[in-house]
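Accompanying notes for the structure given below.
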Amino acid sequence: MTKVGVASILYLLAIVPALSQTLTLDSCYSMAKRNYPLIKQYALIDKTREYTLSNASKAYLPQVSITAIEGYIFGGLPSFGAGGGESSSNFKFIGIAQVNQTIWDGGATKTQKKIIEASSETEKASIDVALHELNARINQLYFGILLMNEQLAQLEGHNTILNNNVNRLKQLTENGLAYKTDLDEIRVEQLKLNQKRTEFKYVRSGYQTMLSLLIGAKIDDQTSMQKPTINSELSSAEIARPELSLYKSQRNLVNAQAGMQRVSLMPKVGLLGAGVMLAPGIGNNNNTSIGVAGLSASWSMHALYKNGNEKQLTQQSLNKINIQEETFRFNTNLQVTQTSANIEKQKAILAEDEGIVTLQKSIRESYQLKYDAGSGSLIDLLNATEKESEARVQKALHEIQLLMTLADYNQTTGNQK
């Protein structure tokens, strides 16, 4: 990572508030959604939709056009004046004003509004998909922190056992009842534990930094991370992913756009008013004005020629979306089945962990008694202590793995909060 990138992260962490309360996985989902920049798109989409609908509604307002021409009229104009003469000059100023009031546009405005609504819903559905994918990143970081916390807790337990032996050996060594090498052996084990502790803390710090940036709140070692409860029953396997809403919105948009083809087959009816002014006018008049008003109707047959092909194109677009949804459902159901099998396997493994931990603890305590009585070696005690610690670490690891797999299951089915 560059120095600039590191500086940016440190700056962001400095300005976000620190979390002192208990943090849950669900609260991380909510905070990340509010903090993610893409969430601002919702407001922009709503504003764009509002303005575009307003523009579409103005289609029924009167349309006024004014044209001014200064030019030469070839061939002249007939005279209607009392003198019966022709117009004195072929150089004319011509003013044309026209007012059109739509009575019925064939459903174009109504269809355009449907397209605007469907387009907005499709854009929002796309954002929902992106935000849902964000939860997967939250899962990785959240459970990564939990795992590091568990690993550190187990190291503390292991170190406590070693410390008890160190204190005991110090007294025995001072009284000449134990070898100094035994004390050195235990201190070597403690140094190894410190190395692991340092490694886990650095890894945890990296997870905390990334999660802090995602949720917009600083997470540190003082933040309590709550473990989700293990539910023996899986949530509903019914797929409720935002992708399904996206496919539905896409179909609605295609159908709305197809409505414009039907609109093009309809006649358009309106009121027309037009006026023309000539200067100089016809005959001996300084100005000549002509006005006309009436009902206008237009009906183009051009759209009829390609109507069949347009319907086929619409159907092909719908078929494409249907195939995409079918493929998505197929792959998602496969993933749900695989995840369900992993959950059952992990539950079975976790059920044996408690028994293993209990036995390893009993073995370590037996070696402790033998060593204290002088009938056992230190190396046997250290090995037994290490195995007990490994058993506890494996149990913690399996528990976190199961919790993460359950969260992945909810992520896959879309049944997260």
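The values are calculated or read from the model by the stated rules, or taken from the named source; none is laboratory data. Keep in mind it's a predicted model, so treat the numbers as computed, not measured. Quick reminder, even Gly has a Cβ in these numbers, built from the backbone with ideal geometry, and neighbours come from all protein chains shown.
Some notes on this structure:
- If you filter region 204-254 down to residues that are surrounded by fewer than 19 Cβ atoms within 10 Å (Cβ to Cβ) and of a type in the set (D, E), you find that the one that is nearest to the chain's Cα centre (by Cα) is E238.
- Meets criteria (in contact (Cβ under 8 Å) with a residue 24 or more places away in the chain, over 30 Å from Q250 (Cβ atoms) and surrounded by 12 or more Cβ atoms within 10 Å (Cβ to Cβ)) for Q346: yes
- For region 284-303, the count of residues that are under 30 Å from T405 (Cβ atoms) and in a helix (DSSP H, G or I) is zero.
One line per residue, one yes/no per condition, for (1) more than 30 Å from V129 (Cβ to Cβ); (2) polar (S, T, N, Q):
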{"residue": "P242", "(1), (2)": "no, no"}
{"residue": "P267", "(1), (2)": "yes, no"}
{"residue": "G275", "(1), (2)": "yes, no"}
{"residue": "N287", "(1), (2)": "yes, yes"}
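- Complete set of residues in region 301-317 that are polar (S, T, N, Q) and free of Cβ contacts under 8 Å to residues at least 12 places away in the same chain: N309, Q312, Q315, Q316
- Considered as a group, the residues in region 355-376 that are of a type in the set (G, A, S) and within 52 Å of the chain's Cα centre (by Cα) include one that is nearest to K387 (Cα to Cα), and that residue is S362.
- S362 vs. criteria among the hydroxyl-bearing types (S, T, Y), at pLDDT 90 or above and under 30 Å from I239 (Cβ atoms): no
- Residues being more than 30 Å from Q324 (Cα to Cα), in contact with a helix residue (DSSP H, G or I) (Cβ under 8 Å, 6 or more places away or on another chain) and not in a loop (DSSP other than H, G, I, E, B) - total across region 204-249: 12
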